[in-house]
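Following: one structure in structure tokens, then a few remarks.
Just so it is clear, none of the values below were taken in a lab; they were calculated from the coordinates. On a predicted model such as this, the values are computed, not experimentally measured, just so you know. Reconstructed Cβ throughout: ideal geometry from the backbone, glycine too, with neighbour counts over all protein chains shown.
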Amino acid sequence: MRHDGRYPALPAPPTWMRWLPVMYVAGVLVVEPVTPESWPVSFALIALPLVTAFAHAAVVVAGTTVFAVGFEMLLAGTPCCAGRPVGYLWERHYVAVYACTALVGALGTVLAAHRIRRERTLADVRFVAEIAQRVLLRPVPHRIGNLLLESFYLSAAAEARIGGDLYEAVPTAHGVRLLIGDVRGKGLLAVETAAAMLGAFREAAHDEADLRALVERVDVSMSRRADQLGGREVAERFVTAVFAEIPHAERVVRVLNCGHPPPLLIRPGEVRELDRGRPGPPLNLGMLVGDPYRVDTYAFGPGDQLLLYTDGVTETRDPDGVFYPLLQRLRSWGPMPPPELLARLHRDLLDYSRDQLRDDTAALTAFLLPETASGPPGSSHGTPDDGSS
């Protein structure tokens, strides 16, 4: 895979690794003159081509091999080095060292060429993953009407930028509709399932006037796809999700939870879960458990912010195995604009886990602008809950 006629840029090795061959030779130079004649430290130069192969191209390794052989000959025939006479230059042990260095250099050259090919392949895969993520998880609009929105995604797989977590925000005639979900499992099947669900949601969000009808339509689409896949694990191919709807003319947010962590409502002085203790079943399991989907309605006024997230956030652990205290963190930070909130959450998750995420992580937030201001937050907030439907 090429980008604009060129390979994607290869990751640069650490500086210390690039300079390791020079430090290696310097170490030999320091030790060689002070060792007895029976301890020919110059033999350690046999490994120099392999040390070079860790961070340099094949041509550099080949050049280093020539240098190593020449340097070994110089040390072997230099009287100042442990008192060896010039006659040692062609002594059989030294000749064997030259041959071994040339052999190791040839192997190191092949190894470096193979490493470069693997790095190019990895760069191609990551490039394709980034393109796939842009298609599958399109950046949400930063503003829809009087709503400010922001999202982020972190993949637990170091070599892939995409996984089974998903999110979307769609402006419709019925209001702004939000989705965040988590596909069971990992790998290509999870990505395909996420793509199918996002496609169904993007289409149904415009057609269905009722939030419950929207979810039921997405559920039918996911069940149909599971049937098409076949196999013995059809019932296990499910997705947990939260669907939310923020109408244009009403100061409410409607939430339908399909077995997912509940969203959070953030106001000045208050952070709480929007959870009435009766989530619906995950998508593709509703027909099996026979539990209907329910829509809960909450007050959502100017200055309020809704945070949707996947369980990768709350299941992030520190080195001692303690789960990430999301509510405690949000309450200590106070209200923030969406970009600042998610940027801080992003950094805090990485710091808390010491960059060792165990699961994909996604978050989506929506902030309702105050009527008399163009920027958040910290102004007026909504009224208490007005019931559920």
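With a cap of 12 neighbouring Cβ atoms within 10 Å, and only residues DSSP puts in a loop, list the trypsin sites (Lys or Arg not before Pro) found in segment 174-216.
In loop regions of segment 174-216 (DSSP not H, G, I, E or B), there are no sparsely surrounded trypsin sites (Lys or Arg not before Pro).
Full extension of the chain segment joining R276 with E91 gains 58.0 nm, where the gain is 0.36 nm per residue of separation less the Cα-Cα distance. The phi torsions of segment 297-310, fed into the Karplus equation with coefficients 6.51, -1.76 and 1.60 and a -60° offset, translate into couplings of 10, 10, 5, 8, x, x, x, 7, 9, 10, 10, 9, 8, 9 Hz, rounded to whole numbers, with Gly and Pro shown as x.
Computing FRET efficiency as 1/(1 + (r/R0)^6) for M17 and R331, where r is the C-beta to C-beta distance and R0 is 35 Å, gives about 0.20.
Alpha-carbon geometry of segment 244-351: the Rg and the Dmax are 15.5, 48 Å, given in that order. Among 244-252, 349-357, 299-307, the peptide with the highest mean count of other Cβ atoms within 10 Å heads the list, and the full ranking is 299-307, 244-252, 349-357. Residues whose amide H comes within less than 5 Å of that of V252, counting only those at least five positions distant or on another chain, are F300 (H built at 1.01 Å from N in the peptide plane). The HN-Hα couplings worked out from phi for segment 261-277 by the Karplus form 6.51 cos²θ - 1.76 cosθ + 1.60 (θ = phi - 60°) are x, x, x, 10, 9, 10, 9, x, x, 8, 9, 8, 7, 8, 9, 9, x Hz, whole numbers, x standing for Gly and Pro. Each peptide in 105-111, 271-277 receives the mean, over its residues, of other Cβ atoms within 10 Å, and ordering these scores from highest gives 105-111, 271-277. Scanning residues 5 or more positions from T310 or on other chains, those with amide H under 5 Å from its amide H are A362, with H placed 1.01 Å from N in the peptide plane.
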